[in-house]
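Just so it is clear, none of the values below were taken in a lab; they were calculated from the coordinates. Since we're looking at a predicted model, the values are computed, not measured. Methodologically, a virtual Cβ is constructed for each residue, glycine included, from the backbone with ideal geometry; neighbour enumeration extends over all protein chains shown.
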Amino acid sequence: MKDRIFCRFFAALALLWLAGAIFSPVTFLADENRAPAAFSMASDAFFTDRAPARTALLRLCRNVELALGKNEFAGTVRLADGYLYTKEITSTITLDKNLASLRAFAAEADFPVYTAVVGNKADILLQRLPQGYEPCRRPLWRALSESGLSSVNLLAPLREVGCSGKYIFYRGDHHLTSLGAYYVYRALGESLGYTPHTDFTVRVVKSDFAGSDARRMLTGTNDQIALFRYDDSFRVENKDTGEVRELYDLAALDSTDPYAVFPVADAGWVEITRPGETRPKLLVICDSFGDSLAPFLARHFDLTLLDPRYFHGSVKELSEGGYAAALCYMGMDTLASREVLYPLRF
Amino acid sequence: MSMQKGSAYLSLISPLFLCGCLPVTAAFYRHLPRTARPYAITVLNLLFLWAALGKAFPIYLAFLLLGWLFPGKWAAFIWIGGFCVVRVLRLPSAGMAFLLPRILWQSRSGKPRSMAEAFAYLAFFPTVECGPITDPAAFALADPTALASRRGIWRISVGLFKKFFFADGLYRTYLLFGGETTLSAWAKLCAFALYLYFDFSGYSDIALGTGAIFGVELPENFDFPYAARSVGEFFRRWHASLGRFFFHCVYLPLGGSKRGKMRTWTALFAVWLCTALWHGFSVNYLLWGGMFFLLSGVEKCLLPSRRIGWLPTVFFVLLGWVFFCTPTFSEAVGFFARLFAAGDTLLYTRADFYPLGTQLPFLLLAAFLSSPAVRPLRDPPFAIVAIGTPLLLTLALAALLAGGHRPFLYASY
């Protein structure tokens, strides 16, 4: 009798679980900042994304794995002082392909092309890495230094300020903070020919930002988004959609992606100009690291921000727009994990 | 040659199958009259085959029909010819490596069957993806009882826990070790060995549990193989159903060990050649088979005790897995070089200690759970089942949600 009750209980439980998943009202996974998978006969994700008590189960798994001493969950490693770091699968082959595309672009362009590559937390926050942790990233940096490109060294200055305890990376996100971007802005000054300004008004606009690393680890890191402001009279136009916005979109701070407060925000082609002024034009080929740097560079240049991951137009045509220089500003993880720069080959 | 997840809809570990199809069909099945069950199982098999095999379904079905239509001596030709054609032409072959031995074994057993009975045996759905390869004489559709179903649910829970929590976690551990130094290469190999065990034995547990729910007692496929004290014993404990198949259908017909040492060596050679080719047409598998042919031959013919001991057995088994975790012969050679610190391989570097330190408790726990110390948990008392089942299912589900899952490795053979 007890066996029969046992079997019926688990059969009912299984059916209830499935019904719970199928009829789940979930339309957005807030902790993971993504929509649940659509129904597909060949995919289990539809059911697992709508699993009842999904977040509680994920937290359980995280706690068990951390209790086993793994120090990481879902590919995200715990560093000192609450910093989190997500490992990307990188390869020098992919990096070489991207650098070759960049070399081809630099050879064809009739303006100087500079390269500035941002490392991740494992490259920069060395003192916060776990004891004995070796990210094995030297071959990537060696490949960059031997690429023959006009490369601005960001690794050394960022390591210096990072190791002095400055808040240059969000604890729970892979991006640089505005302060980190400011140090990049300073490092780029000599190559791009400007004197970095210091007269910014710094204002913290969000104190509970949970970035991609924090969401993977299902934890809040209470990161602060600060804006370095001086003058907001810029025109930011998304050339893909025609949408015009202000330099900082403060409404985005309360959305599911607070990082979209910065310009660009996953757009392929954005132009930032100051109406009524004629200034030198800078073409910035960037990934999302460019978002926080753009407000600083906009103080000196009219910017064309091109994210090759989303840009579908002709780079050749675009580059004939009378630019004074071009800057390729991307994360090493982007360059070494995906072949993103192939659109630069004319 | 792998299970094409993109073209298949279902597997034994799909939530849709486990939480929907399984309880509904099992409840329906138990109320059928005994005479209708082979037909019901055949219908279930065909539906599952269609959903699980994707593009391989028509080819599988063709071999299934051929296997039933041409029994006896023709089966050997179907098996060998079909296997070669499928392998050489690289046709979608999901499940084929487990179907063709069943065709041959059934034809050798000489047990006459109706079409429904034959199909119920040849394509019994829990065994389609990764076996076990059932002895036709032992395959019977018994009445599904509540006790068997309870045991089945427990085995499924254990299997899911093994697969999602351990196998998939161990695979991530395996990837974490770079394998560039001797220390890291051995750690990587140990992680792979445990991953392979939890992945395949996890599937077998789920298959056995599902079979039990439908009243079919499938044979145990794993019996804590890493505790074996000889190579022969290891392969009686590891994927035992494949070993039994080759024993009955290759080793014994060639004379076995009763007709002198020469015939024994010949039979062993044939068994290991077939075993290697069953895994795939590659130099790595042939070398793996050759290595164990020599070791098992030495054990059988030269050692009076027929045992080389636990440590040498584990050592050689681990070395054998190098051929499985490297795709080419040259990579296998490179891996061996790192294992034995050949050339300019370093014994260890500072970078080895972080992954080792963070993964060691997990590896030790996995090693403990692969030992015979947990044998009593195969069929524990009701109280343990009642408490353990929800616990294991919760942890398995949590691990599935956190990491998704990799297809079963043995489904690629």
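Details
- Evaluating 6.51 cos²θ - 1.76 cosθ + 1.60 at θ = phi - 60° for every residue in segment B:308-315, the Karplus couplings come out as 9, x, 5, 4, x, 4, 4, 4 Hz, glycine and proline recorded as x.
- Positive-end residue of B:186, A:82, A:300, charge dipole of the protein assembly as shown with Cβ unit charges: B:186
- Given R0 = 60 Å, the distance between the Cβ atoms of residue A:274 and residue B:24 translates into a calculated FRET efficiency of 0.35.
- Across every pair of non-identical alpha carbons in segment B:63-208, the mean reciprocal distance, once inverted, gives a Kirkwood radius of 17.5 Å.
- Summed over qualifying helices (DSSP H, 4 residues or more, each -39500 (n - 2.57)) and divided by its residue number, chain B shows a 222 nm mean residue ellipticity of -20000 deg cm²/dmol.
- GNM top mover of B:170, B:147, B:218 - chain B, alpha-carbon springs below 10 Å: B:147
- Under 16 Å from the Cα of residue B:55 - lysines, other chains or at least 8 residues apart: B:5
- Which of A:281, B:261 has the fewest Cβ neighbours within 10 Å, and the rest in rising order: B:261, A:281
- Pairs beyond 31 Å (Cα-Cα), from A:2/A:70; A:97/B:163; A:87/A:206; A:97/A:121; A:97/A:206; A:70/A:166: A:2/A:70; A:97/B:163; A:97/A:206
- Cut-off 19 Å, label 7 Å out along Cα→Cβ of residue B:303, residues of segment B:318-344 by amide N: B:318-321
- In the protein assembly as shown, the DSSP beta bridges split such that about 55 percent are antiparallel, to the nearest 5.
- Note on segment A:189-270: Cα Rg divided by 2.2 N^0.38 Å, N the number of residues, gives 1.28.
- For segment A:1-160, a crude dipole built from +1 on the beta carbon of Lys and Arg and -1 on the beta carbon of Asp and Glu, taken about the Cα centre, is about 680 debye to the nearest 20.
- The dipole here belongs to the protein assembly as shown: it is taken about the Cα centre, uses +1 on the Cβ of Lys and Arg and -1 on the Cβ of Asp and Glu, and is about 3900 debye.
- Phi-based couplings in Hz for segment A:203-219 (Karplus 6.51, -1.76, 1.60; Gly and Pro marked x): 9, 7, 10, 8, 10, 10, 6, 10, x, 5, 5, 5, 5, 4, 7, 6, 9
- Rounded if a/c under 1.5, otherwise prolate or oblate - segment A:206-346, Cα gyration tensor axes: oblate
- Gyration tensor (alpha-carbon) shape descriptor, segment B:235-323, a/c threshold 1.5: oblate
- Residue order for A:3, B:143, B:199, fewest other beta carbons within 10 angstrom first, comes to B:143, A:3, B:199.
- Computed over segment B:304-413, Kirkwood Rh from alpha-carbon pairs, angstrom: 18.3 Å
- Residues B:180, A:88 arranged by fewest to most Cβ contacts within 10 Å: A:88, B:180
- Each Lys or Arg adds one and each Asp or Glu subtracts one; over the other residues with Cβ under 14 Å from the Cβ of residue B:246, this totals +3.
- From the alpha carbon centroid of segment B:243-312 to that of segment B:36-72 is 32 Å.
- Residue-by-residue Karplus 3J(HN,Hα) for segment B:138-155, coefficients 6.51, -1.76, 1.60, Hz, glycine and proline x: 9, 8, 8, 8, 8, 6, x, 9, 5, 5, 5, 5, 4, 4, x, 4, 4, 5
- Gyration tensor (alpha-carbon) shape descriptor, chain B, a/c threshold 1.5: oblate
- For residue A:77, distant residues with modelled amide H under 5 Å away: A:85, A:86, A:87
- Net charge dipole size for chain A [Lys, Arg +1 and Asp, Glu -1 on Cβ; Debye, nearest 20]: 1160 debye
- Set of segment A:150-194 residues, backbone N closer than 14 Å to the point 7 Å along the Cα-Cβ line of residue A:200: A:167-170, A:176-189
- Chain A: angle of helix A:178-192 to the longest principal axis, Cα-based, in degrees nearest 10: 30 degrees
- Computing FRET efficiency as 1/(1 + (r/R0)^6) for residue B:89 and residue B:283, where r is the C-beta to C-beta distance and R0 is 22 Å, gives about 0.65.
- Cα centroids of segment A:219-286 and segment B:78-129: 62 Å apart.
- For segment A:152-257: relative contact order, % (alpha-carbon pairs under 8 angstrom, 6 or more apart): 22 percent
- Counting charges near residue B:63 (Lys, Arg +1; Asp, Glu -1) among other residues having Cβ under 15 Å from its Cβ returns a value of +3.
- Computed from the alpha carbon atoms alone, the convex hull of segment A:184-235 holds 136 Å³ per residue.
- Long-range amide H partners of residue A:327 with built H, under 5 Å: A:114, A:283, A:284, A:285
- Segment A:58-82-segment A:96-143 distance, computed between alpha-carbon centres (Å): 28 Å
- For the protein assembly as shown, the ratio of Cα radius of gyration to the globular rule of thumb 2.2 N^0.38 Å stands at 1.11.
- Across all Cα atoms of chain A, the radius of gyration (one decimal) and Dmax (whole number) stand at 22.7, 86 Å.
- Within the straight-line cut-off of under 27 Å between alpha carbons, the lysines reachable from residue B:261 are B:300, sequence neighbours fewer than 8 places apart in one chain being disregarded.
- Whole-number D in µm²/s for segment A:81-201 (Stokes-Einstein; Kirkwood sum over Cα pairs; 37 °C, 0.692 mPa s): 207 µm²/s
- The local environment of residue A:316, defined by Cβ-Cβ distances under 14 Å, has a net charge of -3 under the rule Lys, Arg +1 and Asp, Glu -1.
- Close amide-amide hydrogen proximity is noted between residue A:229 and A:201, A:202, A:203, each under 5 Å apart and 5 or more residues distant or on a separate chain (H modeled in the peptide plane; Pro and chain starts excluded).
- Rg and Dmax of segment A:246-305, Cα atoms only, in Å: 11.6, 36
- Using alpha-carbon coordinates, inclination of helix A:54-67 to the longest axis of chain A, degrees: 80 degrees
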